Amino acid sequence: MTALQAIIFDVDGTLAENERDGHRVAFNQAFKAAGLDWFWSEDLYGDLLEVAGGKERMRFFLKYYSPPLPESVSNSPDFIAELHRIKTQRYVALVKAGKIQLRPGVKRLIMEAREAGVRLAIATTSQLENALALLETTFSVEAVNWFDVIAAGDIVPKKKPAPDIYRYVLTKTGWSAERCIAIEDTTHGLTAADDAGLTTVATVNRYTRYHDFSKARLVINHLGEPNQPCLVLRGEALQNGYFDVEIATSLLFPNAKT
Ligand code: XBP
């Protein structure tokens, strides 16, 4: 069968450019609320993004950057979990306050896919609350039901670049990897999707523009809009200047007649 079955979206950096002004800000707010003298600058955060997952990122920071740590805190086994709980609350509040916007073309593509009967899913390393808040705020409360699966956070033991989160989506839905497209923004994400057998498209962003995108079938700066064409960084030129269901189908089935 030569029809696109589903599009699986990464969230952070792909649906929205939310790392610098969303997650980073929420981490810093959590540090402050916990009385910690830590601050993640834009540059430092760019380096820390190499580690997927907020809890994992903080543990990495503790281990390799040796930030100041009060004695009371260093004895607490649940310290990182508690810090992450505060961070998630702060991040959700930022999203609900409308501080995070969808990237160009995201809404258009999701609406077009729905109309065309193409299924949708999410595969993210971030917490489920974060993905739900973004969908509810940028679309509507019903939007979470548009997705067959919203696979998030600790639902799988190994985070990206492990393929587990994508395999989880495929297992849950029964979709065949050969008929699905994954949209990602990082090397880790592309590796995860590629290792799960998916064809991938990369939409690069300010933190990931120098990443290795060699696994992606198409690399663009964003999904594009009719009045805001995207830039093709690798792959064939897009006739309309934006990524849509037709292009996704032609990436999967280059020899099929349309
Ligand atoms: C991006 C991430 C996440 C967020 C933080 O995941 O690495 O860790 O930066 O989210 P993806 P949490 O690109 O897969 O969406 O603090 O909720 O872990």
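Before moving on, here are some points about what is shown:
- For segment 7-61, the percent of C-alpha pairs falling in each 5 Å distance bin, counted from 0 to the bin holding the largest distance, reads 4, 18, 29, 27, 13, 6, 2, 1, 0.
- Looking at segment 133-216, the trypsin sites (Lys or Arg not before Pro) that sit in a DSSP loop and have at most 13 other Cβ atoms within 10 Å of their own Cβ are 158, 206, 209.
- Lysine pair count for segment 1-141 [Cα-Cα under 24 Å; pairs on different chains or 8 or more apart]: 14
- Acute angle (nearest 10 degrees) that the helix 128-138 long axis makes with the longest principal axis of the chain, alpha-carbon atoms: 60
- Cβ-based net charge around residue 219, under 12 Å, with every Lys or Arg adding one and every Asp or Glu removing one: 0
- Projected over every direction and averaged, the convex hull enclosing the alpha-carbon atoms of segment 1-127 yields 9.7 nm².
- Here the simple spin-label model places points 7 Å from the Cα toward Cβ, and for residue 176 and residue 89 these points are separated by 4.9 nm.
- Evaluated at q = 0.17, 0.20 Å⁻¹: base-10 log I(q)/I(0), Debye formula over Cα of segment 101-258: -1.08, -1.57
- Helix axis angle, 164-173 relative to the chain longest principal axis, alpha carbon, degrees: 50
- Taken over the alpha carbons of segment 55-181 as equal point scatterers, the Debye sum produces base-10 log I(q)/I(0) values at 0.13 Å⁻¹ of -0.68.
- Kirkwood Rh, Cα atoms: Rg over Rh of segment 194-258: 0.97
- Packing, as the average of other Cβ atoms within 10 Å across residues, places the peptides 238-246, 137-145 in the order 238-246, 137-145, highest first.
- Net length available on complete extension from residue 246 to residue 20 is 78.1 nm, with 0.36 nm assigned per residue and the Cα-Cα distance removed.
Since every read-out is calculated from the coordinates, none of them should be taken as a lab result. Remember, predicted model here, so these are calculated numbers, not experimental data. Using ideal geometry, Cβ is built from the backbone for each residue, glycine included, and neighbour counts are taken over all protein chains shown.
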